[in-house]
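Report on one structure; see the data block that follows.
The values are calculated or read from the model by the stated rules, or taken from the named source; none is laboratory data. For clarity, every value in this text was computed on a predicted model and none was experimentally measured. We place every Cβ from the backbone using ideal geometry, glycine too, and count neighbours over all the protein chains shown.
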Amino acid sequence: MMNNHPRHLAWCMKKVAPVAASAFFLCLAPHSANASTNWWEGTVFGTNISEATSISSLEHGDGSLIIGFGGTTNLALGHRIEGTISITNGFDRFSLQGTGSVVSNTADTVLRITGGKNLFINGGEFRGLGSSTDGGGSIPPIGSATAAVGAIFSGTSNIVVSKALITGGTYLPNNAITLGTDGIQATDTTLVFTDDGTDSSTVIGGNGGELSWDGAGPHSMGGHGLNIGNSTLIISNGTFKGGNGGDVSTDSDFIGASWGGHAIDATNSTIEIHSGTFTGGDAGSITDTHNNPENRKGGSALYVENSDVTIHGGTFKAGATGRDDTYAFYSLAYGEGSVSNKLLGGTFDSIGFGGGRQFITLGTNLVVNGVFGQNGGILYVDNQSDAPLQNTEINSGTLLIENDFTLGSGGSITLNSGYSEIFFENLAIQSGAIVDTGTGRIEAHGNLDVQKDGTLAFKIDSTSITDRGIAVGSNVTFHSGSALQADIAWIDLNTETNALWLVSATNQLNVVDSGGATNVATTATFTNNVDIQVTTAALMELEGISVEDGKLLVLLLSRQPLNEYWNASGDMARLADELDAINDPDMMATIVEMDDPEASAYAVEQTYFTKLNTFQVAMNGLKAAVGQSVSRGTEFREKLLLPTGSNGPEGVENDWRFWMKYHGQFLNHDGDDQNSAYEATTHGGVFGADKSFGRLLVGISGGAGRNSIDADNGAEEDMNAAHAAIYSTIGKNHSYLDAGLAYGYNGVESHTPEPFRLDGEYDSHLVGGYVGGGIGFDIPKISTVITPEASAQYTLYQQEAYTETGTAAVPRSFDEFDADSLRTSLGLNVAMHNTKATQYFGFKIEGRAHWLHEFNPDPGHISFQLEGGTGNTYALAYPMLDEDAVRLGIGVSFFNTAKRKPKNILLRLDFDELIGENFNSHNLSAKAIYAF
C-alpha cells in the first residue's frame, strides 16, 4: 500500500513541480490513507485561480495543514481533517471551499488566518474540541491538549464567510476552572458574514464544563461566539451564540460562579448588523453555601466596548441569568472619546449602556421588550421612537432625551440613585405611567405634564439635595386625578416643621381642575386636585404640602418625639426626651429600621431598665464553692465518730486533711414582666486544708471559677470569680455545728441585648457569714442516722461604679450599688449509720431535703445616667432574689477500708436539685479528701 502521509505528499509535490498539473493529481488521487492524527476521504488540492497552476509547497506537521506559498489561492476540503489549517502566505485573494468537510482540533485553533486580503470561506464545519451545534461538549483530549478556538483571524482585510459552521470547544476541568473557547477570535480584521437567501453561517462559543471543586473560586464560563478587537464586522445574516456556563458545585464555604459567554464580544471595533439571531450563553446552576444569584450571569447577545454599532434588524436575547445587569445589548465606553450606537431596528430583550459619552439613535423599527438601562456615563439619545424607552432604569449617569417624550400607559422611568439624572425637551406622563425620580433629578427644558392617573414619585433619604428626588420644568402641570408620591426615610430633623421642596417650575406651576380649567397652583388647588400619597418612616410626620409663589411645591415635615411615638410615661418618657436631645444617629437609625413602636420601645426598655441578676448568680457560685454544712458535717462525723467493732475502734483519728473539689451549677430561670428568662452556669475548683483539735475542726479554702449568664437577644454576662474562706466544725455524738466566713470577687463583663448592645466591665465583691448545725438521732434497728438541720447565711454584695461603651445606643454611667441577702434553710438529712464495706473500700449514702427562704428578696434600685445627656438620673429595679426554694439532694461517700489501716481517704459525690417558683437548678460537686 502506498504511503499517503502528508509529509509524503509534500515530497511528491516537490518532485513533480516541473510537471503539469495532471501529474500532481496522479500522485494524489489514487491514495486513500489513514494516519494517527489526520485522515481524509475525498481530495485535498489547491490551484491558483488565475493561472491554474499546481501547489508548489504543502507542509504537514502535528496534524496541521500549513499554507505559506504565495501562489496558493484555492483550497477545497471535501473530507474530515483533525488539526489546524493555517494560511499565512499573504494572499491577495484566497478561496477556501469547505462544503462537505469537517475540520476539528483539540488545541490552539482549527482555522488560523494571518494577514492577506480577500479571503472567501464557503461552507464547511470548523469545530473546537467536542463541539456540537449546541456549542461544544467534552470528549477525551488527544495527549495533553485541552480545547481549540474555532477560528483565529489576525490582520486580514476582508474575510467573507458564508454557510460555514464555526464553534469553540470546552476546556476539560483544571482544578477550579473550566472554560469554553471562542468560536471566532478576530483582531485588525474586516469580517463579513453573507447570506445567499437560503442559508447563512453559524458561530457558537464552547460551553463551560460541569465542575465540582471543594476549593477557592470554582467557576465555569462559556466562550464567546465571536470575539473581535480593532476590527470591522458586517453581518447580513447568521446565527451567533455564546457558550453556556457549566453547573458548578462546592461543598466548602467557597463561592462558585457560572457565566455564559456573549454571542458577540467586541472592543474598539465598528459593527453593522442587518439581520440574524444572536443569543447569549446561559448561566449554569450553582450549588454552594452562599446561594447568591449574583454569581450566575448570562451572556449578552452583543457586548461592545468603545465600539460604533449600527443595527438594522435581528433578534437579540440574553442568556438565562440570576442578575439584573445582564442585557441583550450592552455598550460600554471609557476614555476621552465617544461612541455611536444606531439601533435602527431589531428586537431586543433589553438594552443597556455604561460609562463614557455615547450618542444613541433609537429607530422606529426598534423593539425593546424589556428594560432600557444605564450604568454611568452621559447618553445623548435621538429618540426617533419613544417605544424603546417605555421601561427605563438609570442606576447612575446622565440621560439626555433630544426630542419630546411621552411615557405611555404601563410605562415607567426609574432613577435608582442620587447620581442619576434625566433631561427632556418636553415630558408627558400619561394615564397609568409613572416617573420615579428616586433620589435623582428629572428636568424638562419645556413642559413637564402629569396627566390624569399619571404619577410622579420621589424618594427622600435626607435633607441634602443629592439624597432626595427633585423634578424641574419650565412649566409643570398636574392634572386633576394625577398622583404625587413621596417615600420619606428617616431624616435627621428636629421636632419642628422642616420644609423640603420637590417640584420647581422656573416659569409656572399649574393645576388643571376637573373641569379642564388651568390654574396657577396654590396649596388649596393642588391638594384638592392631586392625589397626594406620602409614606414616612418611623418617627417622621407629614405636616402638609405647600405651594410657594406658584412655582415651588414643598413638603412640610417634622420628626415625631420618641415619647409620643412610644406613648411612654414615667422614667421611659424622661428617657425618650433625653434620647431625643442626644439624637444618637446609630440608635435612631435602628429605631427607624425596626419600624414598630412597640418593638423598639420594648428593646430600649430591655437595654436601659433591665439588668441580669449578677448578685444572685455570683452568690450562688460562692455558696457552691465554700460548701454547705450538710457536706462538711458528714465528713467530720465520719472522722471523729468511727464505728466501734468487736475489736474496738477501727483506727486512730487523723489531725490534718487536705482536699480539693469541683463544683458546677446549671440554672434555668423564667422571665417576669420586666426581665427576660436566662440560663446561668457555674464551674469552679476549690483547694482547702483543715486541722482537728479534738472535736473541733478549723480550716481554710480558696479557689476560682467562672459564672456565665445568657438571656434573650444576646444579653450575657461572664464573671471570672475568685474566693477564699475560713470555716469551723464542732461535733459531739451525731450532732454538729458549722460556722464560716467567705469572701468572693467577680470581674464582670456585661453585654446588653441586641439591637441596642452596650458593653460594660466592672468588679463586684461579696462577703458572707454562715452558721448551721444539726442534731443526729441514731436508729439502730434500721442502721440509720436522721439529722434535722438548720442554717442561716448572710451575704453583703457590693458593685463598683462603671460606664458602658458601645455605638449601638447611648451608653449608661452606673453608680455604685450594694445589697444584702439573708437566707435560711431548714430540713432533714438521712444517712447510713455504718459504712457498707468491701475488701478495699466502703461507702455511705445519704439523702436530704431542705426548705430555703430568702428574707431580703428585693435588692433595691441601681442608679444610672446617660453619657452626654442632660444629667437625668434613672432608677433601675435590680432583679429580685428567689424567695423560696426546695433543695433535694443525694450524696455518696467512699472510704478506704483496708484492715488495720485508718480511714484517711474520702471521695464524695453530691447532687442537689433546687426547685423554686420560677427556676430550677442542677448542682453537682465532686470532692477528694486526704487525711493524715
### Message
Any residue that is at pLDDT below 95, hydroxyl-bearing (Ser, Thr, Tyr) and either farther than 22 Å from ALA521 by Cα or not in a strand (DSSP E or B) (or both) - is there at least one of those in the stretch 468-483?
### Response
no
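Here's the yes/no breakdown for (1) in contact (Cβ under 8 Å) with a residue 24 or more places away in the chain; (2) surrounded by fewer than 23 Cβ atoms within 10 Å (Cβ to Cβ); (3) not aliphatic (A, V, I, L, M):
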site: ARG296; (1), (2), (3): yes, no, yes
site: TYR303; (1), (2), (3): yes, no, yes
site: GLY314; (1), (2), (3): yes, yes, yes
site: ALA328; (1), (2), (3): yes, no, no
site: LYS342; (1), (2), (3): yes, yes, yes
site: GLY346; (1), (2), (3): yes, no, yes
site: PHE353; (1), (2), (3): yes, no, yes
site: GLY370; (1), (2), (3): yes, yes, yes
site: SER385; (1), (2), (3): no, yes, yes
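Restricting to the stretch 430-451, count the residues that are in a strand (DSSP E or B) and buried (at least 23 other Cβ atoms within 10 Å of the Cβ). First the steps, then the outcome.
Looking only at the stretch 430-451, we keep the residues that are in a strand (DSSP E or B), and these are 434-436, 441-450.
Now drop any that are not buried (at least 23 other Cβ atoms within 10 Å of the Cβ), which leaves 435, 442, 444, 448, 450.
The total comes to 5.
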### Task
Could you check how many residues of the stretch 82-103 are in a strand (DSSP E or B) and either modelled with pLDDT under 75 or surrounded by fewer than 21 Cβ atoms within 10 Å (Cβ to Cβ) (or both)?
5
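Whether any residue in the stretch 155-163 is among the small types (Gly, Ala, Ser) and within 45 Å of the chain's Cα centre (by Cα) is what I want to check.
Just the residues of the stretch 155-163 that are among the small types (Gly, Ala, Ser), to begin with: 155, 157, 162.
Checking which are within 45 Å of the chain's Cα centre (by Cα) leaves us with none.
Scanning the stretch 155-163 turns up no residue that is among the small types (Gly, Ala, Ser) and within 45 Å of the chain's Cα centre (by Cα).
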### Message
Can you go through LYS639, LYS611 and tell me which one is assigned to a loop (DSSP other than H, G, I, E, B) and either in contact with a Gly (Cβ under 8 Å, 6 or more places away or on another chain) or modelled with pLDDT under 95 (or both)?
### Response
LYS611
### Task
Of the conditions (1) at pLDDT below 95; (2) surrounded by fewer than 18 Cβ atoms within 10 Å (Cβ to Cβ), LEU826 clears all except one; give me its number.
(1)
### Task
Return the total of residues in the stretch 676-707 being farther than 29 Å from GLY773 by Cα and surrounded by fewer than 16 Cβ atoms within 10 Å (Cβ to Cβ).
3
### Message
Looking at GLU336 and the list (1) buried (at least 23 other Cβ atoms within 10 Å of the Cβ); (2) farther than 23 Å from GLY169 by Cβ; (3) not hydrophobic (A, V, I, L, M, F, W, C), which single condition is not satisfied?
### Response
(1)
### Task
Might you let me know whether the stretch 253-268 holds any residue that is surrounded by fewer than 19 Cβ atoms within 10 Å (Cβ to Cβ), in contact (Cβ under 8 Å) with a residue 60 or more places away in the chain and either under 19 Å from ALA301 (Cβ atoms) or not aromatic (Phe, Trp, Tyr) (or both)?
no
### Message
As an exercise: evaluate VAL339 against (1) of a type in the set (Val, Ile, Thr); (2) more than 23 Å from LEU191 (Cβ to Cβ); (3) outside the structural domain of VAL203 (by TED's automatic domain parsing) and give the number of the one condition it does not meet.
### Response
(2)
### Task
Mind listing just one residue for me: the one in the stretch 839-893 that is among the aliphatic types (A, V, I, L, M) and touching a helix residue (DSSP H, G or I) at 6+ places or on another chain (Cβ under 6 Å) and, of those, surrounded by the fewest Cβ atoms within 10 Å (Cβ to Cβ)?
LEU881
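Yes or no, residue by residue, for (1) at pLDDT 90 or above; (2) assigned to a strand (DSSP E or B):
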| residue | (1), (2) |
| --- | --- |
| LEU557 | no, yes |
| GLU564 | yes, no |
| ASP571 | yes, no |
| LEU575 | yes, no |
| GLU578 | yes, no |
| ALA589 | no, no |
| GLU593 | no, no |
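Any chance you could count how many residues in the stretch 715-739 are of a type outside the set (Asp, Glu) and either buried (at least 22 other Cβ atoms within 10 Å of the Cβ) or not in a strand (DSSP E or B) (or both)? Before the answer, list the steps.
Initially, the stretch 715-739 is screened for residues of a type outside the set (Asp, Glu), giving 715, 719-737, 739.
Narrowing the set further to residues that are either buried (at least 22 other Cβ atoms within 10 Å of the Cβ) or not in a strand (DSSP E or B) (or both) leaves 715, 719, 721, 723, 725, 729, 731, 733-734, 736.
Of the residues in the stretch 715-739, 10 are of a type outside the set (Asp, Glu) and either buried (at least 22 other Cβ atoms within 10 Å of the Cβ) or not in a strand (DSSP E or B) (or both).
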### Query
If you check ILE491 against the conditions, is it crowded, with 21+ Cβ neighbours inside 10 Å and outside any strand (DSSP E or B)?
yes
### Task
Of all residues in the stretch 658-683, count the ones that are over 27 Å from ILE730 (Cα atoms) and either touching a Lys or Arg at 6+ places or on another chain (Cβ under 9 Å) or not hydroxyl-bearing (Ser, Thr, Tyr) (or both).
18
### Task
Please work out which residue is surrounded by the fewest Cβ atoms within 10 Å (Cβ to Cβ), limiting yourself to the stretch 755-802 and to residues that are at pLDDT below 95 and in a loop (DSSP other than H, G, I, E, B).
SER783
### Query
Under the condition of being in contact (Cβ under 8 Å) with a residue 40 or more places away in the chain and in contact with a Gly (Cβ under 7 Å, 6 or more places away or on another chain), which residue from the stretch 787-807 is farthest from SER735 (Cα to Cα)?
GLU804
### Task
Restricting attention to the stretch 452-467, report how many residues are without any contact (Cβ under 8 Å) to a residue 60 or more places away in the chain and either part of a strand (DSSP E or B) or in contact with a His (Cβ under 8 Å, 6 or more places away or on another chain) (or both).
7
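Hey, does the stretch 230-239 have a residue that's at pLDDT below 95 and not in a strand (DSSP E or B)? Let's see the steps before the verdict.
Our first condition is that a residue be at pLDDT below 95; within the stretch 230-239, this holds for none.
Taking every residue of the stretch 230-239 in turn, none turns out to be at pLDDT below 95 and not in a strand (DSSP E or B).
Can you name every residue in the stretch 510-537 that is in contact with a Ser or Thr (Cβ under 8 Å, 6 or more places away or on another chain) and crowded, with 18+ Cβ neighbours inside 10 Å?
ASN510, VAL511, VAL512, ASN529, VAL530
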